[in-house]
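Down below is the structure, laid out as structure tokens.
The values are calculated or read from the model by the stated rules, or taken from the named source; none is laboratory data. Note that the structure is predicted; figures quoted are calculated from it, not measured. Cβ placement follows ideal geometry from the backbone for every residue including glycine, while neighbour counts extend to all protein chains displayed.
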Amino acid sequence: MAKRAKSEGKSDTAAASPRDRIVDALMALAAELPWDEIDLPAIAARADVSLAEFRDHFPSKGAVLGAFAKRIDRIVLEEPADEMADEPADQRVFDVMMRRLDALTPYRDALRRISRGLMADPLSVAAMNGVMMNSMRFMLASAGIDTEDRLGALRIQGAVLIFARVQRVWLDDEDPGLARTMAKLDRELQQAGRMIRMAEDAHRISAPFRGIARRLLCGVTGFGSRRRERDRDRHDNMSA
């Protein structure tokens, strides 16, 4: 409950900013209306800003949703997770994802409608995947998971997919203890761990072959360069 109160307080404090008022307005409308019935004038009116001021801050309601995701990122990242530093990687990720769901709890009604609306629009799904890739990059970093090595992008995209699947369960999980949600997250993380280990093994096993391929490629490139040099020399001799 303390975390939930923190989330709500964050929203109230941020309401003084026009940008944050627009975010709050969108989420309030999304709790009342289907996603495709929320238009820009309605958001502006709820936020008490003009359309011109709205446009100064955001190009679309999808961009407002992206700003909402950044708000949630900040709530989670501001919360210290030092006590999890010595835990296994899957437990650290479990903790950060559950903290993210906790930060989202005040907006659950809005998120139900938004999720249904976005699923009907493949372009919106693709755009939100990009937003969530950025969010999960920071969530994993806060859990001490490397996202900068060769498998970093795979880990980030995997985290996006895991969170999306778990969030679908969470949206309808009325148990105060979130037993279904936590069980789903645990299963997803176990499966993801196996896949990452397989990818790491495949990358390690293929390393010698990648080295051979690079040497062959360099050899072919060098051969081509030497051939072009010989052709130029032959042409120069004939011209002389």
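List of remarks:
- Residue that is farthest from G158 (Cα to Cα) [pool: residues in region 67-108 that are part of a loop (DSSP other than H, G, I, E, B) and of a type outside the set (D, E)]: P80
- Residue in region 47-62 that is in contact with a Gly (Cβ under 7 Å, 6 or more places away or on another chain), surrounded by 15 or more Cβ atoms within 10 Å (Cβ to Cβ) and on the phi < 0 side of the Ramachandran plot present: no
- Residue satisfying condition, being in contact with a helix residue (DSSP H, G or I) (Cβ under 6 Å, 6 or more places away or on another chain), assigned to a loop (DSSP other than H, G, I, E, B) and modelled with pLDDT of 95 or more, within set V64, V49: V49
- Residue list for region 35-46, filter: β-branched (V, I, T) and either outside any helix (DSSP H, G or I) or loosely packed, with under 13 Cβ neighbours inside 10 Å (or both): I38
- Failed item in (1) modelled with pLDDT of 95 or more; (2) surrounded by fewer than 16 Cβ atoms within 10 Å (Cβ to Cβ); (3) not acidic (D, E), with Q91 passing the rest: (1)
- Single residue of D109, D90 found to be touching a Leu at 6+ places or on another chain (Cβ under 6 Å) and not hydroxyl-bearing (S, T, Y): D90
- Selection from region 116-162 of residues that are surrounded by 16 or more Cβ atoms within 10 Å (Cβ to Cβ) and farther than 30 Å from D86 by Cα: G117, L118, S124, A127, M128
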